[in-house]
Amino acid sequence: MTYCVGLRLRAGLVMLSDTRTNAGVDNIARFKKMQVFEDAGERSICILAAGNLSVTQSVIAQLEADIDHVRAGGRGECILTTETIYSAALLAGQVMRDIQQRDSSSIMAQGAAADATLLFGGQRRGGELRLFQIYSAGNFIEAGDDTPYLQIGEHKYGKPILDRVIRPETTIEEAIKAVLVSMDSTLRSNLSVGMPLDLCVIRGGELSHKELRIEADHPEFRQISDSWAASLRQAFNNLPNIKI
């Protein structure tokens, strides 16, 4: 399984994923679930993937092949050439749908689930920051001011902190702390989510990204994890007792 989270804020996009795959208790591996596609100064897109690994890797591979085809002078569009990020998400949804139609029956015939989900966020020159959640059928929903974050995978453990602190006006620095606390809560509660982590930030208007790999011994992440645990214990101890 996995956990991926994306925030669409006025200041930019913050996206975080783990790297664990689990096909049984004796078949655990690390695979990067984050892919960034960028045309410097024109467009920056980050995609996070959860679900069946063969499906999500096939989708990413096809998106990369389409980009190579267009850059080589071929006809058609790719996610780096569409008029809007919305249109790019439509293309990614169509690729997801095509892969599902091609592979899902044979995958399920082997007793495996073919479900897959993507978080698709980015910005083009002159456009707004957009963040979509693309489902196996190729349809999607979009993050907005009322719900400025989206999650896929094992999302329930990391949701409470996001509900409490994330707002459209949240700063990038605050958002990074929030997604790391959200991930830390998930890591503590679900063994199917694991280190290392991949963090991507796309600041509004910059049309470029910054990416960081966070290993288990990353000092600031360890400090965030330990401080959050200590603060929760202190807050619990300060709660009033209920008389009965």
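Has the stretch 153-175 got any residue that is touching a Gly at 6+ places or on another chain (Cβ under 8 Å), surrounded by 20 or more Cβ atoms within 10 Å (Cβ to Cβ) and farther than 21 Å from Ala50 by Cα? Looking for residues that are touching a Gly at 6+ places or on another chain (Cβ under 8 Å), surrounded by 20 or more Cβ atoms within 10 Å (Cβ to Cβ) and farther than 21 Å from Ala50 by Cα, one finds none in the stretch 153-175, hence no.
Looking only at residues in the stretch 185-224 that are acidic (Asp, Glu) and touching a Ser or Thr at 6+ places or on another chain (Cβ under 9 Å), which one is surrounded by the fewest Cβ atoms within 10 Å (Cβ to Cβ)? Even if it seems obvious, please write down each step before you answer.
Applying the first criterion (acidic (Asp, Glu)) to the stretch 185-224 yields 198, 206, 211, 215, 217, 220.
Among the residues that remain, those that are also touching a Ser or Thr at 6+ places or on another chain (Cβ under 9 Å) are: 198, 206.
Numbers: Asp198: 21, Glu206: 13.
So the residue we want is Glu206.
For every residue, the table says whether it meets (1) within 19 Å of Ile202 (Cα to Cα); (2) surrounded by 17 or more Cβ atoms within 10 Å (Cβ to Cβ).
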residue	(1), (2)
Leu119	yes, yes
Arg125	yes, no
Phe132	yes, yes
Ile141	no, no
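Ser182 satisfies every condition listed in (1) among the small types (Gly, Ala, Ser); (2) under 30 Å from Cys78 (Cα atoms); (3) buried (at least 17 other Cβ atoms within 10 Å of the Cβ); (4) in contact with a strand residue (DSSP E or B) (Cβ under 7 Å, 6 or more places away or on another chain) except (2). Within the stretch 1-30, the set of residues being surrounded by fewer than 17 Cβ atoms within 10 Å (Cβ to Cβ) and farther than 19 Å from His155 by Cβ comprises Arg10, Ala23, Gly24, Val25, Asp26, Asn27, Ile28, Ala29, Arg30. Tell me, yes or no, whether the stretch 176-190 has at least one residue that is assigned to a loop (DSSP other than H, G, I, E, B), at pLDDT 95 or above and not aliphatic (A, V, I, L, M). For the stretch 176-190, residues assigned to a loop (DSSP other than H, G, I, E, B), at pLDDT 95 or above and not aliphatic (A, V, I, L, M): absent.
Each residue in the stretch 191-221 was checked for being acidic (Asp, Glu) and in a strand (DSSP E or B), and 2 of them qualify.
The values are calculated or read from the model by the stated rules, or taken from the named source; none is laboratory data. Predicted, not measured: the structure shown is a model, and the values here were computed from it. Backbone-built Cβ (ideal geometry, glycine too); neighbour counts: all protein chains shown.
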